[in-house]
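See structure below.
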Amino acid sequence: MIAPTPPMGWNSWNTFGREIDEDVIRSTADAMVATGLKDAGYRYVCIDDLWEADERVDGRLTWDAAKFPGGIPALADYIHGLGLKFGIYSCSGTHTCAGKPASFGYEEIDAQTFADWGVDFLKYDHCYFPPGADPRAAYARMGQALRMTGRPILYSLCNWGGNEVWTWGAAVGGHMWRTGGDINDSWESIVHLGFRRQKDLHPWGRPNGWNDPDMLVVGMRNRGNVAREGCSEDEYRSHFALWCLQAAPLMIGCDVRDMDPATKAILLNRDLIAVNQDPLGVQAACLGSHRRCEVWARPLANGDLAVGFFNLHEKPQGNVPVAWEQLHLHDRRPCRLTDLGSGEDLGTHSRVFTSGSLAPHACQVVRISPQRT
């Protein structure tokens, strides 16, 4: 099984876009080791669009030699040498979203090329798709081609949630699939892609096949020690917590070479990562809302539950309850609670737990551990 738990790693697009090169990718891989991201479980280093040369050579994709003078295979070897995995990008259409050669009609050739280069992860986009062609068939062709190489390559379907991809993504060999459009560094985007688009998709997420609301924007606001417009720290914490509860892939989008302490603390929260990586692989469901605060919960492999309280209001809210009945617990079952943001032991509760005060767009996530009687 290639993706028994949600994939964790980094993707170049959110921060670097067109400005990628060999030095950026190598230094990012180095930083993932040095900052502790690798040890926390982030393993994939993925190059997005614009690594490609303008034309194929002898029918095969090749790299932009000005950006990657050492070549993609050598870069993959370097990343593997750090104990990390290497990811690359292509597209199901005739051209990538940036206009470079893509894989429609070249699926077997390109899959074998990627395997020969040592690729471990393929993000497969959906631009310049031929009119009248069947998207599901195109994704199935690449999925089959990847399997035929014999190399275990994680297959990430990026058709922006079209054609209800969550209902067929696993059937074409996908290990994760986007459930909506591109994320941006705003609370509105997080609400749309995380709280709204994902709300009814929990039946479709499972080990080796994950719903993907897109990359993490945690830390995007602070780049080069310059504060830009973007989410607040509370919004970043809620974003990360929701993705962890939803068993979403955790693909970092910020510049990990230049993270501030708050960004590191969010991305390296091992208690929340443990929820995300729980082997039961059940995606959280929304239990309801209370004064514009939503409650999301998921069962964990050892019998515990993870429950998140999210304030979607522009004003502070507090005292959001969740009853044991909603969690399918006996109302007299004593449970030990731990706050997964602070690590605080919240003591033993039964019947109901009520959240603390929540600032605008803030959250509280607790782990509920039923006690044996």
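The values are calculated or read from the model by the stated rules, or taken from the named source; none is laboratory data. On a predicted model such as this, the values are computed, not experimentally measured, just so you know. Ideal geometry is used to build each Cβ from the backbone, glycine not excepted, and the neighbour counts take in all protein chains shown.
For the structure I just gave you, tell me whether HIS192 is surrounded by fewer than 24 Cβ atoms within 10 Å (Cβ to Cβ), closer than 28 Å to VAL172 by Cβ and touching a Lys or Arg at 6+ places or on another chain (Cβ under 9 Å). Steps first, answer last, please.
Working: surrounded by fewer than 24 Cβ atoms within 10 Å (Cβ to Cβ): yes; closer than 28 Å to VAL172 by Cβ: yes; touching a Lys or Arg at 6+ places or on another chain (Cβ under 9 Å): no.
Here the answer is no, as HIS192 does not meet what is asked.
Here are some residues: PHE104, PHE16, PHE86. Which one is in contact with a strand residue (DSSP E or B) (Cβ under 7 Å, 6 or more places away or on another chain) and either of a type outside the set (Ser, Thr, Tyr) or outside the structural domain of LEU267 (by TED's automatic domain parsing) (or both)?
Going through PHE104, PHE16, PHE86 in turn, just one is in contact with a strand residue (DSSP E or B) (Cβ under 7 Å, 6 or more places away or on another chain) and either of a type outside the set (Ser, Thr, Tyr) or outside the structural domain of LEU267 (by TED's automatic domain parsing) (or both): PHE86.
Could you please tell me which pairs satisfy a Cβ distance under 9 Å, a separation of 6+ or placement on different chains, a first residue in region 92-117 that is in contact (Cβ under 8 Å) with a residue 60 or more places away in the chain, and a second residue that is in a strand (DSSP E or B) and buried (at least 20 other Cβ atoms within 10 Å of the Cβ)?
Short answer, once both residue conditions are applied: SER92/TYR124; SER92/ASP125; SER92/LEU157; ALA98/GLU52.
Restricting attention to region 213-236, does a residue exist that is without any contact (Cβ under 8 Å) to a residue 12 or more places away in the chain, assigned to a helix (DSSP H, G or I) and surrounded by fewer than 20 Cβ atoms within 10 Å (Cβ to Cβ)?
Checking region 213-236: not a single residue is without any contact (Cβ under 8 Å) to a residue 12 or more places away in the chain, assigned to a helix (DSSP H, G or I) and surrounded by fewer than 20 Cβ atoms within 10 Å (Cβ to Cβ).
Could you identify the single residue in LEU305, LEU250 that is in contact (Cβ under 8 Å) with a residue 12 or more places away in the chain, over 20 Å from the mean Cα position of the chain (by Cα) and closer than 28 Å to LYS38 by Cα? So that I can check it myself, show each step before the final result.
Details: LEU250 fails: over 20 Å from the mean Cα position of the chain (by Cα).
Exactly one of LEU305, LEU250 is in contact (Cβ under 8 Å) with a residue 12 or more places away in the chain, over 20 Å from the mean Cα position of the chain (by Cα) and closer than 28 Å to LYS38 by Cα, namely LEU305.
Quick check on GLY281: is it assigned to a strand (DSSP E or B) and under 28 Å from TRP210 (Cβ atoms)?
Details: assigned to a strand (DSSP E or B): no; under 28 Å from TRP210 (Cβ atoms): yes.
No.
Can you pull out the residues in region 319-353 that are over 29 Å from the mean Cα position of the chain (by Cα) and either over 21 Å from PRO299 (Cβ atoms) or not assigned by TED's automatic domain parsing to the domain that holds SER289 (or both)?
ASN319, GLY347, listed by residue number.
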